[in-house]
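The values are calculated or read from the model by the stated rules, or taken from the named source; none is laboratory data. Note that the coordinates shown come from a computational prediction; the quantities given were computed from them, not determined experimentally. Here the Cβ positions follow ideal geometry from the backbone for every residue, glycine too, while neighbour counts run over all protein chains shown.
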Amino acid sequence: MKVMAVAAVACLMAAGSAAARPAAAQEHHHEAVEAAPPRGDSIYALPASLVDQRGQTVGLDLFRGHPVLISMFYANCPDACPLLIADLQRLERELPPRIKADLRVVLVSLDPERDTPDALRALSRAHHLDESRWRLLRAPEDTVRDITALLGIKYRRLPDGSFNHSSVITLLDPEGAIVARDGTIGGPHEALLRSLRVVRSTPAVIPR
């Protein structure tokens, strides 16, 4: 059933967006802003089970009801991933306080073998992340592959255990539909900022 769900969501997202290409699997490669897939197809349709930095089991939809910035990383990444986290923090700083308080951030590990909850917690503390709004998640390898497919992220494990991967930040609306996608590192992220200013939580959302 999970394979069918992933295929269905991926096919729906691909429909009408053939011109939008995933970023190349280069850890230091900078990509232009990509067109988002058509609205209305939620990645929350994927029945994924993940574990956060607190050791709690959650679904991919753990922040349903809030706008979410989601990307993928791994804790031992020496260059691109720290820059990715810094970009996300900078995006937050550029938002009005009300919009920032509404926003949630999800980072899914490409390296579940090494990225234990303890490792994710240590990384969260090292970057002074607000754990009330940020979640660092690990999942089984097959789920990692499913999520990379939905987010248009390419990755490859190297012989030394590191990864080549694209760094794509995706904005989800409160129901998990992709609103905008940006594959740059260190860029202004103007399209994401514009979209964040208009995406809102669903009414009567329960804070979490």
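Suppose we keep only residues that are in a loop (DSSP other than H, G, I, E, B) and of a type in the set (D, E, K, R) within segment 124-156. Which one would you say is nearest to D182 (Cα to Cα)? My answer is K154. In segment 89-115, the residues that are under 20 Å from D146 (Cβ atoms) form Cβ pairs under 7 Å with partners that are modelled with pLDDT of 95 or more and hydroxyl-bearing (S, T, Y), at six or more places apart or across chains, as follows: L107/S71; S109/Y74; L110/Y74; L110/Y155; D111/Y74; D115/Y74; D115/S109. Scanning segment 57-72 for residues that are at negative phi, touching a residue at least 60 places away in the same chain (Cβ under 8 Å) and not hydroxyl-bearing (S, T, Y) gives V58, L60, D61, L62, F63, R64, H66, P67, V68, L69, I70, M72.
Per-residue answers, yes or no, for (1) buried (at least 21 other Cβ atoms within 10 Å of the Cβ); (2) under 13 Å from S71 (Cβ atoms); (3) of a type in the set (D, E, K, R); (4) within 12 Å of the chain's Cα centre (by Cα):
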{"position": "T143", "(1), (2), (3), (4)": "yes, no, no, no"}
{"position": "V179", "(1), (2), (3), (4)": "no, no, no, no"}
{"position": "D182", "(1), (2), (3), (4)": "yes, yes, yes, yes"}
{"position": "P188", "(1), (2), (3), (4)": "no, no, no, no"}
{"position": "L196", "(1), (2), (3), (4)": "yes, no, no, no"}
{"position": "P203", "(1), (2), (3), (4)": "no, no, no, no"}
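Here the condition is being surrounded by fewer than 16 Cβ atoms within 10 Å (Cβ to Cβ), free of Cβ contacts under 8 Å to residues at least 12 places away in the same chain, among the acidic types (D, E) and over 15 Å from N76 (Cα atoms); of D118, D160, D130, it holds for D130 alone.
Among the residues here, D87 qualifies as crowded, with 19+ Cβ neighbours inside 10 Å and either of a type in the set (D, E) or part of a loop (DSSP other than H, G, I, E, B) (or both). Residues that are in contact with a strand residue (DSSP E or B) (Cβ under 8 Å, 6 or more places away or on another chain), of a type in the set (A, V, I, L, M, F, W, C) and assigned to a loop (DSSP other than H, G, I, E, B) do occur in segment 68-78, at least one of them.
Just one of the numbered conditions (1) under 21 Å from Q53 (Cα atoms); (2) assigned to a strand (DSSP E or B); (3) not small (G, A, S) is not true of R121: (2).
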